[in-house]
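**Q** Structure below; questions to follow.
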Amino acid sequence: MDVNFNRDNKFDLQLSQAIIDERRLAEIFCASRLEKIELKSETFQWEQTGNIAIEYEQNGRPSGIAVTEADYWVHELKRDGETLVYLMFPTSRLKDLAREAFRQKRFRTGAGDGGLFSVVLLRLRDILR
């Protein structure tokens, strides 16, 4: 029986890359201090709108993505109290996405908790572009 199932016969190269990728992810989790990871959760609006909301201002002052010192930003998408997925971004990448969305006027002021927050709206479909 042929153990090499790849049509392009690159199993060894793909396995090597997978091991490198897994080690890089393990390093993120092992080497990063918990205080250098920021977690934000969304419960229902992401499903209704197709957007995730990234806070950048609270009560007229920079907050959220604008001031975070985290190396990684994790955005949790929930349904009925259950986590469906965690989206993990290097903070620099998320800031780039947020700036682009802001330039495209995809933001909302006066959002959440008594209208104290301003958020940029990232379309889920745009995150991987």
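The values are calculated or read from the model by the stated rules, or taken from the named source; none is laboratory data. The shown structure was predicted, so the numbers you read here are calculated from the model rather than taken from an experiment. With ideal geometry, Cβ positions are generated from the backbone for all residues, glycine too; neighbour counts draw on all protein chains shown. Calculation scope for accessible area: heavy atoms of the full protein, side chains included, ligands and nucleic acids excluded. Shrake-Rupley method; radii C 1.70, N 1.55, O 1.52, S 1.80 Å.
**Q** Considering the range 105-129 alone, what residues qualify as being without any contact (Cβ under 8 Å) to a residue 60 or more places away in the chain, over 14 Å from the mean Cα position of the chain (by Cα) and either closer than 12 Å to Tyr56 by Cα or open to solvent by 90 Å² or more (accessible area, probe 1.4 Å) (or both)?
**A** Scanning the range 105-129 gives Lys105, Phe107, Arg108, Thr109, Gly110, Ala111, Asp113, Leu116.
**Q** OK, next. What pairs come up if the first residue lies in the range 80-99 and is farther than 15 Å from Leu122 by Cα and modelled with pLDDT of 90 or more, the second is among the basic types (Lys, Arg) and not in a helix (DSSP H, G or I), and their beta carbons are under 7 Å apart, counting only those six or more places apart or on different chains?
**A** Partner pairs satisfying both residue conditions: Leu84/Lys78.
**Q** Any idea how many residues of the range 62-71 are in contact (Cβ under 8 Å) with a residue 24 or more places away in the chain and open to solvent by 70 Å² or more (accessible area, probe 1.4 Å)?
**A** Here the count works out to 2.
**Q** A follow-up question, please. Taking Ala26, is it modelled with pLDDT of 90 or more, open to solvent by less than 70 Å² (accessible area, probe 1.4 Å) and not acidic (Asp, Glu)? Talk me through it step by step, then tell me what you get.
**A** Values: modelled with pLDDT of 90 or more: no; open to solvent by less than 70 Å² (accessible area, probe 1.4 Å): yes; not acidic (Asp, Glu): yes.
Against the criterion (modelled with pLDDT of 90 or more, open to solvent by less than 70 Å² (accessible area, probe 1.4 Å) and not acidic (Asp, Glu)), Ala26 does not qualify.
**Q** Within the range 64-84, how many residues are part of a strand (DSSP E or B) and farther than 22 Å from Glu100 by Cβ?
**A** Going through the range 64-84 one residue at a time, the tally reaches 6.
**Q** With the requirement that a residue be open to solvent by 50 Å² or more (accessible area, probe 1.4 Å) and within 12 Å of the chain's Cα centre (by Cα), what does the range 73-95 give you?
**A** Val85, Tyr86, Met88, Pro90, Ser92, Arg93, Lys95
**Q** If we keep just the residues of the range 34-61 that are of a type in the set (S, T, N, Q) and free of Cβ contacts under 8 Å to residues at least 12 places away in the same chain, which is most open to solvent (accessible area, probe 1.4 Å)?
**A** Gln48
**Q** Something else: Arg23 is checked against (1) within 17 Å of the chain's Cα centre (by Cα); (2) not in a strand (DSSP E or B) and fails just one. What number does that condition carry?
**A** (1)
**Q** Does the range 41-63 contain any residue that is out of contact with any strand residue (DSSP E or B) (no Cβ under 8 Å at 6 or more places or on another chain) and part of a strand (DSSP E or B)?
**A** Yes, the range 41-63 has at least one match.
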